[in-house]
1. The conditions are (1) surrounded by 11 or more Cβ atoms within 10 Å (Cβ to Cβ); (2) within 16 Å of Val50 (Cα to Cα), and Ser188 fails exactly one of them. Which is it?
2. What pairs come up if the first residue lies in the range 133-160 and is assigned to a helix (DSSP H, G or I), the second is aromatic (Phe, Trp, Tyr) and at pLDDT 95 or above, and their beta carbons are under 8 Å apart, counting only those six or more places apart or on different chains?
3. At pLDDT 95 or above, surrounded by fewer than 18 Cβ atoms within 10 Å (Cβ to Cβ), out of contact with any strand residue (DSSP E or B) (no Cβ under 7 Å at 6 or more places or on another chain) and small (Gly, Ala, Ser): is that true of Gly193 in this structure?
4. What is the one condition in (1) over 30 Å from Glu2 (Cα atoms); (2) touching a helix residue (DSSP H, G or I) at 6+ places or on another chain (Cβ under 9 Å); (3) of a type outside the set (Lys, Arg) that Asp98 does not satisfy?
5. Give, as residue ranges, the helices (runs of 4 or more DSSP H) completely inside the range 1-71 that count at least 1 residues that are surrounded by 18 or more Cβ atoms within 10 Å (Cβ to Cβ).
6. Among the residues of the range 150-165 satisfying the criterion of being closer than 19 Å to Ser74 by Cα and surrounded by 15 or more Cβ atoms within 10 Å (Cβ to Cβ), which is nearest to the chain's Cα centre (by Cα)?
7. Counting only residues that are assigned to a helix (DSSP H, G or I) and among the polar types (S, T, N, Q), which one in the range 92-107 is surrounded by the fewest Cβ atoms within 10 Å (Cβ to Cβ)?
8. I'd like the full set of residues that are β-branched (Val, Ile, Thr) and either over 15 Å from the mean Cα position of the chain (by Cα) or closer than 9 Å to Ala85 by Cβ (or both), limited to the range 23-46.
Amino acid sequence: MEFSKLIDKRRSANNFLTDVKMTEEDIRPILEDVKLAPSAFNLQHANYIVVLDEAMKEKVREAAYGQYKVHSASGVILVLGDKKAYKNTAELSQGMVDLGIITTYELEEIVAENTHFYEDRGEEFMKDEAIRNASLSAMLFMLAAKNRGWDTCPMIGFDNQKMRELFNVPEEQEIALMITIGKEKESSRRLRGYRKPVEEFAIYY
């Protein structure tokens with residue numbers, strides 16, 4: 001889809017057609033697109049929990065305060081951010097050594113720099129970075145989904161602790177947001193909310 005049309009057509013769907021099923025084969029191409037999302041130092045902080053099983057989806061609905069859109073959606077996605085992603089620097093960059101792009105010594109320097117960058121700034125910064133980078137990935141997920149004919153809705157209305165317990169989310173992972181996905185029930189669509197003109201949200205220097 002042409003990009004300006006894509007961003008215009010992407011809406012936050014508040015209701016979905018309940019008879020539409022999703023499979024791993026439907027989700028995988030979207031996640032293949034998401035691999036190209038930007039991330040700080042190419043640390044690829046984002047991780048995804050994909051819920052397609054109906055019984056598990058209803059458990060997610062309970063943790064999301066019973067919201068109907070979770071029930072009607074074909075799937076639910078939890079987007080996680082890794083607070084300790086910097087510890088994967090060596091693994092993620094080894095390929096550049098193998099290709100001769102950087103030396104082993106240069107890789108060691110990159111590992112040290114990334115470690116200092118995050119550890120010197122502390123846990124709060126690591127949490128913020130996890131959420132920032134996961135959110136960048138999540139936005140690309142929603143655009144990629146729309147490009148492939150699926151509708152989505154980003155959500156923060158859920159009990160974080162219950163969700164963590166449901167999926168055994170490890171401490172180093174932050175749940176940045178949840179995304180429902182399916183085919184929008186367009187008869188339930190609301191008018192798009194007011195959008196501020198550029199002059200109200202952009203300042204030039």
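The values are calculated or read from the model by the stated rules, or taken from the named source; none is laboratory data. In this text, all values refer to a predicted model and were calculated from it rather than measured experimentally. Cβ sites come from the backbone with ideal geometry, for glycine too, and all protein chains shown count toward neighbours.
1. Looking at each condition in turn, Ser188 falls short on (2).
2. Here the result reads Phe141/Tyr48, each pair linking the range 133-160 to a residue that is aromatic (Phe, Trp, Tyr) and at pLDDT 95 or above.
3. Working: at pLDDT 95 or above: no; surrounded by fewer than 18 Cβ atoms within 10 Å (Cβ to Cβ): yes; out of contact with any strand residue (DSSP E or B) (no Cβ under 7 Å at 6 or more places or on another chain): yes; small (Gly, Ala, Ser): yes.
The answer is no for Gly193.
4. Asp98 satisfies all of (1) over 30 Å from Glu2 (Cα atoms); (2) touching a helix residue (DSSP H, G or I) at 6+ places or on another chain (Cβ under 9 Å); (3) of a type outside the set (Lys, Arg) except (2).
5. Working: elements: 3-9, 24-34, 54-63.
Of the helices (runs of 4 or more DSSP H) lying wholly inside the range 1-71, those with at least 1 residues that are surrounded by 18 or more Cβ atoms within 10 Å (Cβ to Cβ) span 24-34, 54-63.
6. Taking the range 150-165 first, the residues closer than 19 Å to Ser74 by Cα are 150-158, 163.
Subsequent filtering for residues that are surrounded by 15 or more Cβ atoms within 10 Å (Cβ to Cβ) retains 150-155, 158, 163.
Details: Trp150: 15, Asp151: 15, Thr152: 12, Cys153: 12, Pro154: 9, Met155: 11, Phe158: 16, Met163: 16 Å.
Checking each candidate, the answer is Pro154.
7. Filtering the range 92-107 down to residues assigned to a helix (DSSP H, G or I) leaves 92-98, 104-107.
Now restrict to residues that are among the polar types (S, T, N, Q): 93-94, 104.
Details: Ser93: 20, Gln94: 13, Thr104: 9.
Looking at the filtered set, the residue picked out is Thr104.
8. Here is the first cut: in the range 23-46, the residues β-branched (Val, Ile, Thr) are 23, 27, 30, 34.
Selection gives Thr23 alone.
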